[in-house]
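Report on the structure given below.
The values are calculated or read from the model by the stated rules, or taken from the named source; none is laboratory data. Remember, predicted model here, so these are calculated numbers, not experimental data. Ideal geometry is used to build each Cβ from the backbone, glycine not excepted, and the neighbour counts take in all protein chains shown. With ligands, DNA and RNA removed, areas are computed over all heavy atoms of the protein, side chains included. Shrake-Rupley method; radii C 1.70, N 1.55, O 1.52, S 1.80 Å.
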Amino acid sequence: MTGLLPARDVDVSIMRMFNVIRFSHLLLALTLFANLGIKQAQASKNLPNILWITSEDNGPHLGCYGDSYATTPNLDRLSKQGLRYTKASSTAPVCAPARTTIISGIYPPATGSEHMRSMTSLPKSFKMYPTYLRELGYYCTNNSKKDYNLKENGEVWHESSRDAHWKNRPKDKPFFAIFNLTISHESQIRNRISPSNKIHDPTKARIPAYHPDTPEVRKDWAQYYDRITMMDELVGKTLNEVRDAGLSDDTIIMYYGDHGSGMPRNKRWPYFSGLNVPFIIHVPEKYKELAPTEYKEGGTSDRLIGFIDLAPTVLSIAGIKPPSHLQGHAFMGKHIDNAPEFSYGFRGRMDERYDMVRTVFDGRYVYIRNYMPHKIYGQFISYMFKTPTTRIWHEMYHSGKLSDIQSKFWQTKPAEELYDLNNDQDEVNNLSKSKKHNDIIKRLRRAHVKWVKDVRDIGFLPEAEVHSRSKNDSPYEMGHDTKRYDLDRIFQAANIATRLGKKNTEKLPELMKSKDSAVRYWGAMGYLIRGKNGLRKGRKILHNALKDESPSVRIIAAESLGKFGNKKEAELAANLLIKYANPKVNGITLSMLSLNAIDYLDEKAAHHKETISKLPKIDPNADPRTRNYAGNLIGKIISDLK
């Protein structure tokens, strides 16, 4: 045993050895952390500041866009110092899904977040773009609107509030800052405005062909322009803060509106007038290598850009290669993509009213695909009807005082629309049946189909099933799982349902036999779209569908029987719909679907008036932003039944 240490000494030696190893690991970790900090600091010194100024609910109604009625000196000046995009798109024609597009870099129809103020999740491995910027060393602030339809993964912003400001950043940190200006919002068109700010003469306002020319409409358009002038003043103040801090040479600036104007048929509708936004960028000389290839001070670009492109673009500016799951194209920075051939848009549920529209734009032609053509364009949305233009327009329609063009907004939709912006800026002359434009509509239709399949559009599911099919992960992941979401089969069913004609009508019974509830949903929708003829063809099938395992299928079948059936069928349908109308019991999505159907039954639901009036108006488990939706529908139903 000579030469061996006693057991106690062995233990001490082992402990010393472990302490040395621990100290070495700690030293290595500190060294790596220090090196990371040094590299981040070195990178930060070379990174540009990035300032985004956004304004709400305004299209390109600015002087620099050739609008002589507009008064926008600050944005006109910025345009002379930078590049102005003429065909920029918000991707969605309303705030929440538009902002969701930006923050995620993914089309909301791919993440289940297309519906106004819905709430879904991204895959856990996906990050919202500010997170990537923060990891690179940026100080990221948002002042202050979020309104995302996606849950935030971790801490996205250093600060998001009315006090958020790049001035609060640590010393020598580059900043990425957003300032959102609300003065041009839809709500500001219809409220009181100071006489000193009334600078636009209503008699000189341009009234689009689809609006009636009345004093109320002219006043709204004039006040819209007044609010844009007030917004422009705030833009000037925001730019001056950068200048006064001596940061103009270090800051890339972007200005854009968050979708088309807040006037009815612009906001909420994916015509080009609802999607087209002003978009101006300024790149200081120091960072000209990051500018778009076509950049020239005072210049314009016809490149198709959209909100889907903002996340990859801001990452590209920071030198980060955009992750492969982002669906847009970087248009400046170190990783510029080729310009896309098409720009895409969509419309889902707007507040409490369901709809489904997809669009394609090639720079001249606007293609619109309506998947719920039985619904009128101008469904009653409580918030929209607060605007005087909406109310007078609606009243004049029911008084028979509108032209054919002005009346279309209050009528049902065709399955397809096609507009030539070169000859029809108001998008009122539908060319979808024009033989001369047959090749054009075929090309845009193919582009639409390809996009649906490329992004895995899950908007073809009833909203309730977007959530029920993705309980254990995210709607995006569910949409990419062919076992849970058979897009080819469901998409085919939607096309059969929404395209009229004998051949497609004869295919509806087969859809109703499918094992997939989404296929059956479109089968029932096909009968509903066909109205009285649909009921005659599928009466027995629709009665059987009232017992379908999917509540969404039952509700659509009940709407068809209740709206177009006899008295007994209407009573049967109304009884079923009442069961799903309670948001507290059934959740907000099924409640809204059912209450919409009840509303369309009109007097056939009168015997349930008292029950409807006593329904809870809130789903306690839903996103608080939806708190008014069921109540809005209940209020409208009760009002109509008086």
Of all the accessible heavy-atom surface of the chain, with the other protein chains kept in place and a 1.4 Å probe, what percent is carbon and sulfur? 51
Would you please put 70-79, 213-222, 573-582 in order of how densely packed they are, using the mean number of other Cβ atoms within 10 angstrom per residue and starting with the highest? 573-582, 70-79, 213-222
Percent relative contact order for the range 232-291, counting Cα pairs under 8 Å at least six residues apart, stands at 35
Give the residue list of GluC sites (Glu not before Pro) in the range 322-422 that are DSSP loop and have at most 14 other beta-carbon atoms within 10 angstrom. E341
Assign one of three labels to the range 190-333, namely rounded, prolate or oblate, based on the Cα gyration tensor with a ≥ b ≥ c the square roots of its eigenvalues; rounded applies when a/c is under 1.5, prolate when it is not and a/b is larger than b/c, and oblate otherwise. oblate
Under 25 °C and 0.890 mPa s, how fast does the range 251-294 diffuse according to Stokes-Einstein, given a Kirkwood radius computed over C-alpha pairs? Answer in µm²/s, whole number. 202
Give, in whole angstrom and from largest to smallest, the semi-axes √(5λ) of the equivalent ellipsoid of the range 394-517, with λ running over the eigenvalues of the Cα gyration tensor. 33, 19, 17
By its C-alpha gyration tensor, with a ≥ b ≥ c as the square roots of the eigenvalues, how is the range 264-328 shaped: rounded for a/c under 1.5, else prolate for a/b larger than b/c, else oblate? oblate
Contact order normalised by length for the range 516-615, with contacts defined as Cα pairs under 8 Å and 6 or more residues apart; what percent is it? 22
The chain - Debye-derived log10 I(q)/I(0), Cα point model, q = 0.08, 0.11 Å⁻¹: -0.62, -1.11
Karplus-derived 3J(HN,Hα), 6.51/-1.76/1.60, for each residue of the range 350-360, Hz, glycine and proline x: 9, 6, 8, 10, 7, 7, 8, 9, 10, 9, 9
Let me know the shape class of the range 540-640, please: from the alpha-carbon gyration tensor, a ≥ b ≥ c as square roots of the eigenvalues, rounded when a/c is under 1.5, otherwise prolate if a/b is greater than b/c, or oblate. oblate
With all protein chains present and a 1.4 Å probe, the order of T229, T412, T54 from largest accessible area down is T412, T229, T54
Note to self, the chain gives a 222 nm [θ] from helices alone (DSSP H runs n ≥ 4, -39500 (n - 2.57) apiece, / all residues, nearest 500) of -13000 deg cm²/dmol
Under a crude label model (7 Å from the Cα following the beta-carbon direction), how far is D439 from D481 in nanometres? 4.6
Expressed in nm², what is the orientationally averaged projection area of the convex hull enclosing the Cα positions of the range 519-560? 2.3
For the range 383-435, the per residue accessible area (1.4 Å probe, Å²) is 53
So, in Å, what gap is there between the alpha-carbon centers of the range 154-217 and the range 234-276? 8
If you find the alpha carbon centre of the range 83-109 and of the range 363-391, how far apart are they in angstrom? 18
For the range 186-326, how many pairs of lysine residues have a Cα-Cα distance under 22 Å, where the two are 8 or more positions apart or belong to different chains? 8
Which order do E463, E294 take by accessible area at a 1.4 Å probe, largest first? E294, E463
In whole percent, what relative contact order does the chain give with Cα contacts below 8 Å and a gap of six or more residues? 14
Quick check: with the 1.4 Å probe, what order do S68, S550, S403 take by accessible area, largest first? S68, S403, S550
In the range 586-625, which trypsin sites (Lys or Arg not before Pro) fall in coil by DSSP and have 14 or fewer other Cβ atoms within 10 Å? K614
Counting other Cβ atoms within 10 Å, keep those with at most 12, restrict to DSSP loop, and tell me which trypsin sites (Lys or Arg not before Pro) in the range 96-135 are left. K124
Over 18 Å between C-alpha atoms is what I'm after, so list which of K532/K604; K151/K471; K502/K547; K386/K636; K537/K579; K450/K483 land there. K502/K547; K537/K579; K450/K483
Under 13 Å, Cβ to Cβ, from E477 - net charge with Lys/Arg +1 and Asp/Glu -1: +4
Total formal charge among the other residues, if their Cβ is under 12 angstrom from that of T300, Lys/Arg +1 and Asp/Glu -1: +2
Extreme residue, positive dipole direction of the range 260-333, given options F279, Q327, S261 (C-beta unit charges): S261
Could you size up the charge dipole of the chain around its Cα centre, putting +1 on the beta carbon of Lys and Arg and -1 on that of Asp and Glu, and report it in debye to the nearest 20? 1800
Mean-position separation - Cα centroids, the range 417-494 and the range 588-634, in angstrom: 28
Where does the charge balance sit around A630 when Lys and Arg score +1, Asp and Glu -1, over other residues with C-beta under 15 Å from its C-beta? +4
